[in-house]
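Read the figures in this text as sums done on the coordinates, not as results from a lab. The shown structure was predicted, so the numbers you read here are calculated from the model rather than taken from an experiment. Reconstructed Cβ throughout: ideal geometry from the backbone, glycine too, with neighbour counts over all protein chains shown.
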Amino acid sequence: MAVALLALLVATIIGAHVEAGQRSADALAFVLAVPLTVPYAVHRRWPMPSVAVVLAAFLVFALLGYAAYPGLSVFVMLYGIAAHTDRRQSSITLALSLAAMIVGLTRQPAHVVTSADVTSSLLALGVAWLAGENLRSRQARWAALEDRARLLENEREEHDRRAVADERLRIARDLHDIVAHAMSVITVQAATGHHLLDRDPEAARRALANVETASRDALVEMRRMLGVLRDDDDEPGSRAPVAGLAGLDELVRHVRDAGLAVELDVDEPLPVLTPSLDLAAYRIVQEALTNVIKHGGPVARVALRGTATDVYIAVSDEGRPGPPTMPQSSTGHGLIGMRERVAAHDGDVRAVALSDRGFRVDVRLPLTGAGSRRAALAHGPLA
């Protein structure tokens, strides 16, 4: 557009008919054509400086009395500013353009510029401004509608996921009740069979048959319900081996692909963890990094240390500019999940806001998995 404006203005200067009292085209006129048109190429990045250059060149061009009329450059610049900046800057540009246009037209000889020319030029400025404002408003409305549609779609998907999660939680509770009932029956019948084995073999045989029936029924129910929990709608990795710290590098790679820089510091070798403890440690790091993606950034630091009795995990971030986005006492699902996993292994978890806007999550998982609360988290090796 800037190149087209420059070519058109040069052609206008060359073909302008010089009236009495006007100045014919010279080298300076062609030099002024550059600041009259080229700033349009950068008006989105530097709006007001571009306007200042164009209007200053327009006034110089008009005050020197050239026969050519460079008003089109002002019209196009006003339209671009109104379409691509905010209302305040476009209003300032409109006022400055009107003033510059009036000054420029009044400097022309009276027999060249009539009152109709002045009126049409000022109206053209108003039309250019209104056209740009209309385009900007429509684009803003479309962007708002797209954002709202995206938000509604995300809310619907989140509602569906929550409904599925609630249903699976109910199924898991039912599974717990079934297994607990079956184990109670098996325990009682096994004890009965053991007690009657010598005195009444037939009764002992019936007790063992009851144990067999109860265990078989429980296995059938477990398979059925686990089949529901692992339906075909799960993500492709849902049937993969249970995650653990061995997959930490892969987790970090995925997080980095999502745009979060991660620094991983693992004190090798870590102690041997039970499968449940290994899974809990992995999920804690995963939840903490998810919270950083949502609330913090742009850099997360993950540190793991092991002692003879405990495993320590620390995840921190630098925080975004501005005040913290998540209070220290946050009850978000991520921290709730961490606390539940840590509590299941009789550990400690602490989430604190750092002074530089970031957050830090410290976790201690005892290797014994029960009763060992001697090492306070504040005195752990990652404190």
Share of alpha-carbon pairs per 10 Å distance bin for region 2-113, given as whole %: 15, 48, 29, 8, 0
Modelled FRET efficiency - R0 56 Å, Leu196 with Ala163, Cβ distances, 0.05 increments: 0.70
